Amino acid sequence: MTVKRQIPLRDLFLLKIHPVIRFLIIADLVQYGALGLIGPIFAVFIIQFIDGGSVEVAGVAAAVFLITKSIFQIPAATLMDKIRGDKDDYWFLIGSMFVVNLVPLSYLFISTPLELYIAEFILGIAMAFAFPSLMALFTRYTEKERAGTTWGVYYTLIDISSAVAAAIGGVLAATIGFEKVIIAVTIIGLIGTLLYIPVGPALKRTQPSN
């Protein structure tokens, strides 16, 4: 007998999902949507507003961020594993994403490639702590038999949010200017960080049986 598979619409609308996962997804939708606003215009911003800014500077800035994140990510994850419980991951996540969402604001005050590299270095360290803490909480509260669906829903919604934000960001930069877009990115991102707050009370509930 063939078992009919239902389209997980309830999953896409976050109805049939653990509260911790739901709050994490909602917060990340807002935050990565905010960061998506600046993504497609970042290189143009560097060329126009950084003294000596060029495509090469944009490439080095991206490399500084990725290398820093890669170097610090495993030590950060190891530190979190040594601290028992979920609360440490929760506070690491809030603290690191708070920094992540403040870094774009620094773009309004920097004017040299070195200052840009320092900002990307700080961003890399913050993301090195944010990613493992998010993954740790997400993994613990994901039902084993629904892991594929849950991760699929997460990345589908995040990618859609980032794609829509990228299109909007380009339009806004052309109409209201880079500075206002960056301010909007910071404000929306910080609101997204505040949306992690309900995760704390939800951590007290029983984890799903795996």
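The values are calculated or read from the model by the stated rules, or taken from the named source; none is laboratory data. Model, not experiment: these values are computed from the prediction. Positions of Cβ are generated from backbone atoms using ideal geometry, with glycine treated the same way; all protein chains shown enter the neighbour counts.
From Tyr90, Tyr107, grab the single residue that is closer than 25 Å to Leu195 by Cα and in contact with a Gly (Cβ under 7 Å, 6 or more places away or on another chain).
On the way: Tyr107 fails: in contact with a Gly (Cβ under 7 Å, 6 or more places away or on another chain).
Residue meeting the stated conditions: Tyr90.
Phe42 passes every criterion in (1) over 17 Å from the mean Cα position of the chain (by Cα); (2) under 16 Å from Thr112 (Cα atoms) apart from (1). Of all residues being surrounded by fewer than 18 Cβ atoms within 10 Å (Cβ to Cβ) and aliphatic (A, V, I, L, M) in the range 38-64, which is farthest from Ala174 (Cα to Cα)? Just the residue, please. Looking at the filtered set, the residue picked out is Ala63. Among the conditions (1) surrounded by 17 or more Cβ atoms within 10 Å (Cβ to Cβ); (2) out of contact with any Phe, Trp or Tyr (no Cβ under 6 Å at 6 or more places or on another chain), the only one that Thr68 does not satisfy is (2).
I need the full set of residues from the range 195-207 which are loosely packed, with under 15 Cβ neighbours inside 10 Å and assigned to a helix (DSSP H, G or I), in order please.
Answer for the range 195-207, where residues must be loosely packed, with under 15 Cβ neighbours inside 10 Å and assigned to a helix (DSSP H, G or I): just Pro201.
Say whether the condition of being part of a helix (DSSP H, G or I), in contact with a Pro (Cβ under 7 Å, 6 or more places away or on another chain) and surrounded by fewer than 18 Cβ atoms within 10 Å (Cβ to Cβ) is met by at least one residue in the range 173-191. Checked the range 173-191: no residue is part of a helix (DSSP H, G or I), in contact with a Pro (Cβ under 7 Å, 6 or more places away or on another chain) and surrounded by fewer than 18 Cβ atoms within 10 Å (Cβ to Cβ).
Within the range 71-86, residues that are in contact (Cβ under 8 Å) with a residue 60 or more places away in the chain have Cβ atoms under 8 Å from residues that are of a type outside the set (A, V, I, L, M) and in a helix (DSSP H, G or I) in these pairs: Asp86/Arg140, counting only partners at least 6 apart in sequence or on another chain.
Restricting attention to the range 37-59, which residues are β-branched (Val, Ile, Thr), out of contact with any Pro (no Cβ under 9 Å at 6 or more places or on another chain) and either in contact (Cβ under 8 Å) with a residue 24 or more places away in the chain or under 14 Å from Val181 (Cβ atoms) (or both)?
First pass over the range 37-59, keeping only residues β-branched (Val, Ile, Thr): 38, 41, 44, 46-47, 50, 55, 57.
Okay, now just the ones that are also out of contact with any Pro (no Cβ under 9 Å at 6 or more places or on another chain), so 41, 44, 47, 55.
Those that are β-branched (Val, Ile, Thr), out of contact with any Pro (no Cβ under 9 Å at 6 or more places or on another chain) and either in contact (Cβ under 8 Å) with a residue 24 or more places away in the chain or under 14 Å from Val181 (Cβ atoms) (or both): Ile41, Val44.
Inspection of the range 112-135 finds a residue satisfying the criterion of being exposed (fewer than 14 other Cβ atoms within 10 Å of the Cβ), in contact (Cβ under 8 Å) with a residue 12 or more places away in the chain and outside any helix (DSSP H, G or I). Pairing residues of the range 143-166 that are of a type in the set (Phe, Trp, Tyr) with residues that are at pLDDT 85 or above, at Cβ distances under 9 Å and at least 6 apart in sequence or on separate chains, gives Trp151/Phe138; Tyr154/Ile21; Tyr154/Leu24; Tyr154/Ile25; Tyr154/Asp28; Tyr154/Phe138. Among the residues examined, Phe23 qualifies as in contact with a Pro (Cβ under 6 Å, 6 or more places away or on another chain), closer than 18 Å to Thr193 by Cβ and in a helix (DSSP H, G or I). Of the numbered criteria (1) outside any loop (DSSP other than H, G, I, E, B); (2) among the β-branched types (Val, Ile, Thr); (3) over 24 Å from Ala202 (Cβ atoms), the one Thr139 fails is (3). There is at least one residue in the range 176-183 that is touching a Gly at 6+ places or on another chain (Cβ under 7 Å) and either β-branched (Val, Ile, Thr) or over 19 Å from Phe23 (Cβ atoms) (or both).
So, in the range 149-165, exactly how many residues are crowded, with 17+ Cβ neighbours inside 10 Å and either on the phi > 0 side of the Ramachandran plot or at pLDDT 85 or above (or both)? Talk me through it step by step, then tell me what you get.
From the range 149-165, those crowded, with 17+ Cβ neighbours inside 10 Å are 150, 153-154, 157-158, 161-162, 165; that's our starting set.
Right, trim to either on the phi > 0 side of the Ramachandran plot or at pLDDT 85 or above (or both) and you get 154, 157-158, 161-162, 165.
Of the residues in the range 149-165, 6 are crowded, with 17+ Cβ neighbours inside 10 Å and either on the phi > 0 side of the Ramachandran plot or at pLDDT 85 or above (or both).
Taken together, Ile83, Ile122 contain a single residue that is within 19 Å of the chain's Cα centre (by Cα) and aliphatic (A, V, I, L, M), which is Ile122.
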